[in-house]
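**Q** Take a look at the following structure, please.
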Amino acid sequence: MTISPQSISLTRYLIEEQRAGRINADLRLLIEVVARACKTISIAVGKGALGGVLGDAGTGDDVSINVQGEAQKKLDVLSNEILLEANAWGGHLAGLASEEMDTSQPIPDVYPRGNYLLLFDPLDGSSNIDVNISVGTIFSVLRAPDGVTQATDDDFLQPGTSQVAAGYCTYGPSTMLVLTVGNGTHAFTLDREIGSFVLTTRGMRIPEETKEFAVNMSNQRFWEAPMQRYVGDLLAGKEGPRGKDFNMRWVASMVADVHRILTRGGIFSYPLDSKCAAKGGKLRLMYEANPMSLLVEQAGGAASTGRMRMLEVQPTGLHQRVPVFLGSKREVEAAVRYHAEHDAAA
Ligand code: P6P
């Protein structure tokens, strides 16, 4: 396949951002290392049953359980190892943190270090792997505090507004990397013939209005009152207070649901419910909600906990969980209004 001269690779895009002074060489190279690791994960995921990597890590009573208390899939473990290995020698990090690891990891002494902190969910949605539904890798990049070259967990506890880059790689019918370095949200599609991510959408934009919502409806009876009322009004359709009919989608793979919303609009929600309220929510702030919220805001959307802007949440723990509302700006604002009205009346 000939490469049309106007096709822009991820490498060229990042060099352009560096020449414009928006990123430095270390951040450019870090993103390239993460993208290369995602290509390796894409190959492993793509093998499916032929790769001997489906199913749970461990067997029987010895199924491996991660810090989240979730059974690890073999691909969770493999994806985590691919990202750790690629970034250990990369030379751009003062530390890294993963959904699959209890605490953050300093960079081994034998490797060079840098000034960035990398957080990732190596394979989000992995419960979908065995049924061949899209999964993905989510990552977030922060600056290490001045002078820190061996980070501790506390060094990672920065609000989402401090992210210098965020992205995800979705392993679906095609493998796509969606990235922001603070100058818009852009989509790159993996050209498997040349092994390169090629820019396919410069400047993704989320429509401000939508008729599509994404939520796990089976939790409805566990939701807080404002969420019950908000979704009840969505379901009431054009005869109800919202005056229009809504459609629903729920993949149960955040990367797939968020990619759809970045592509055609919608609102994604994983609200507080009585099952997860004690933990603060279901989804993790540092390596799910924050990177996705930056991507969404950079695409003209909004992201909230239902009661405050997601990117302004001051983290208190590496694996902190939060309620999540993100997507089409006007619809997220509507969901927040339901919570504000409820709280004001309380
Ligand atoms: P539920 C996947 O496990 C995940 O963390 C997100 O990717 C996804 O949006 C959510 O959980 C699905 O949760 O309760 O619907 O299975």
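The values are calculated or read from the model by the stated rules, or taken from the named source; none is laboratory data. None of these values were measured; they are calculated from a predicted model. Cβ atoms come from the backbone with ideal geometry, glycine included; neighbour counts cover every protein chain shown.
**Q** Which of the residues belonging to the range 115-165 are closer than 22 Å to residue 190 by Cβ, more than 16 Å from the ligand (Cβ to nearest atom) and small (Gly, Ala, Ser)?
**A** Matches in the range 115-165: 165 only.
**Q** Would you confirm whether or not the range 241-255 contains a residue that is basic (Lys, Arg), buried (at least 16 other Cβ atoms within 10 Å of the Cβ), under 27 Å from residue 178 (Cβ atoms) and within 14 Å of the ligand (Cβ to nearest atom)?
**A** Within the range 241-255, not a single residue is basic (Lys, Arg), buried (at least 16 other Cβ atoms within 10 Å of the Cβ), under 27 Å from residue 178 (Cβ atoms) and within 14 Å of the ligand (Cβ to nearest atom).
**Q** Still on this structure, please answer the following. Somewhere in the range 262-281, is a residue among the charged types (D, E, K, R), closer than 19 Å to residue 336 by Cβ and within 13 Å of the ligand (Cβ to nearest atom)? Lay out the reasoning, then the answer.
**A** Of all residues in the range 262-281, those among the charged types (D, E, K, R) come to 264, 273, 275, 279.
Now drop any that are not closer than 19 Å to residue 336 by Cβ, which leaves 273.
Going one step further and asking which of them are within 13 Å of the ligand (Cβ to nearest atom), we end up with 273.
The answer is yes, given that some residue of the range 262-281 is among the charged types (D, E, K, R), closer than 19 Å to residue 336 by Cβ and within 13 Å of the ligand (Cβ to nearest atom).
**Q** Being outside any loop (DSSP other than H, G, I, E, B) and among the β-branched types (Val, Ile, Thr) is true for just one of 198, 148. Which residue is that?
**A** 198
**Q** Another question, then. Please report, ordered by residue number, the helices (runs of 4 or more DSSP H) entirely within the range 1-119 with at least 3 residues that are closer than 19 Å to residue 318 by Cβ, in the same structural domain as residue 175 (by TED's automatic domain parsing) and touching a helix residue (DSSP H, G or I) at 6+ places or on another chain (Cβ under 9 Å).
**A** In the range 1-119, the matching helices (runs of 4 or more DSSP H) lie at 74-88.
**Q** Give me a count of the residues in the range 122-166 that are within 14 Å of the chain's Cα centre (by Cα) and without any contact (Cβ under 8 Å) to a residue 60 or more places away in the chain.
**A** Qualifying residue count, the range 122-166: 1.
**Q** Conditions first: (1) outside any helix (DSSP H, G or I); (2) touching a residue at least 60 places away in the same chain (Cβ under 8 Å). Residue 258 passes all but one, so which condition is the exception?
**A** Just one mismatch for residue 258, condition (1).
**Q** Picking from 289, 278, which residue would you name as being over 19 Å from residue 214 (Cβ atoms) and either not in a loop (DSSP other than H, G, I, E, B) or not assigned by TED's automatic domain parsing to the domain that holds residue 164 (or both)?
**A** Every option except 278 fails the conditions.
**Q** Something else now. Hey, any hits in the range 48-55 for a residue that's under 20 Å from the mean Cα position of the chain (by Cα) and either within 16 Å of the ligand (Cβ to nearest atom) or hydrophobic (A, V, I, L, M, F, W, C) (or both)? Please lay out each step first, then the result.
**A** Step one: filter the range 48-55 for residues under 20 Å from the mean Cα position of the chain (by Cα), giving none.
No, every residue in the range 48-55 fails to be under 20 Å from the mean Cα position of the chain (by Cα) and either within 16 Å of the ligand (Cβ to nearest atom) or hydrophobic (A, V, I, L, M, F, W, C) (or both).
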